[in-house]
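Chemist: Would you mind keeping the following structure in view while I ask a few things?
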Amino acid sequence: MRFLSAIFCALFLTTAFDSHSQTKSTAWYATANGNFYLPVDNRLKGVYPILGYDKTTSPKILLGGVGFGAAMLKPLSKDFSFKAQTNFSKHTYWEEQVQMRDYVASSIGYFQSGSSDYGLGLAAMIHYFPVEAFSIGAGISAQATLISFSRTPGMYIGADIDPGFVVNRYYKPVMPMVPVELSYKLKSLLFNVRYEAGFTNRIKGDLAKYKTDKFSLLTFELGFLLN
């Protein structure tokens, strides 16, 4: 929660720069994104496609990380702007493989389930514009997980396995991140590529003594100018 408070403070303090940004107005964008959840120090997890196809799973169409949100770009000076944004996103990844057994405890193979985290992202960054349309930014961000669950794909290896859902209750609700972003701005569109690095273990409670689970995010985002 302290990390979220730091982000809100950064948003508030930007009002002090109003006297330096009178020539350009604040721009507001509605955004849509596709994202990759990148496991860190965990070879058992895998990167899930944003959109893919796998004939061995049910459903066969794989929909990975997607989201929507809003962004604000506020000029601070000729070359610098403050950017704040929030997103509601789904982050999807392959979990580690588990062995499945039938009703007589015979092994019917190893299966890899897909997991999804649904939550809110909040970021505050300073962007530098070496040219008018292109900028690079960095700052602080946080990912707050509202719910996380795993789904076992229905696969056909000796038997038809119905998909099941399990809620993951061992993740911390808020994770601090460090974002670095490249942006390209047109008249009414904004293109962003953002990498958010995570350095802390997201496992909570006693399980954190025995298991480490870190992740980063790679997001491709399109913004539509509202004003």
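The values are calculated or read from the model by the stated rules, or taken from the named source; none is laboratory data. The structure presented is a predicted model; accordingly, all values stated were derived computationally and were not measured. As a convention, Cβ positions derive from the backbone with ideal geometry for all residues, glycine included, and neighbour counts pool all protein chains shown. Please note that ligands, DNA and RNA were not included when accessible areas were found on the heavy atoms of the full protein model with its side chains. Shrake-Rupley method; radii C 1.70, N 1.55, O 1.52, S 1.80 Å.
Chemist: Note down the accessible area of E196, probe 1.4 Å, to the nearest 10 Å².
Modeler: 10 Å²
Chemist: From the phi of every residue in region 65-78, what ³J(HN,Hα) in whole Hz does the Karplus formula 6.51 cos²θ - 1.76 cosθ + 1.60 yield, where θ is phi - 60° and glycine or proline is x?
Modeler: Residue by residue, region 65-78 yields x, 9, x, 8, x, 8, 9, 10, 10, 10, x, 9, 7, 4 Hz.
Chemist: Output the peptides 81-91, 66-76, 204-214 sorted from most to least packed, where packing is the average of other Cβ atoms within 10 Å over each peptide's residues. List each step's numbers first, then the result.
Modeler: Details: 81-91: 20.7, 66-76: 18.5, 204-214: 11.9.
Final packing ranking: 81-91, 66-76, 204-214.
Chemist: Could you rank the peptides 37-45, 175-183 by their average count of other C-beta atoms within 10 Å per residue, with the highest value first?
Modeler: 175-183, 37-45
Chemist: Continuing with this model, one more query. As a test of reading the structure, rank W94, W28 by solvent-accessible area (1.4 Å probe, protein chains only), most first. Can you show the working numbers first?
Modeler: Numbers: W94 40, W28 125 Å².
So, going from the largest accessible area down, we get W28, W94.
Chemist: For L76, which sequence-distant residues (separation of 5 or more, or a different chain) have an amide H within less than 5 Å of its own amide H, given hydrogens modelled in the peptide plane?
Modeler: Long-range HN contacts for L76: S81, F82.
Chemist: Quick one: 3J(HN,Hα) in Hz for region 169-178, Karplus 6.51/-1.76/1.60 with θ = phi - 60°, rounded, Gly and Pro as x.
Modeler: Using θ = phi - 60°, the values come out as 10, 10, 9, 5, x, 10, 10, x, 9, 10 Hz.
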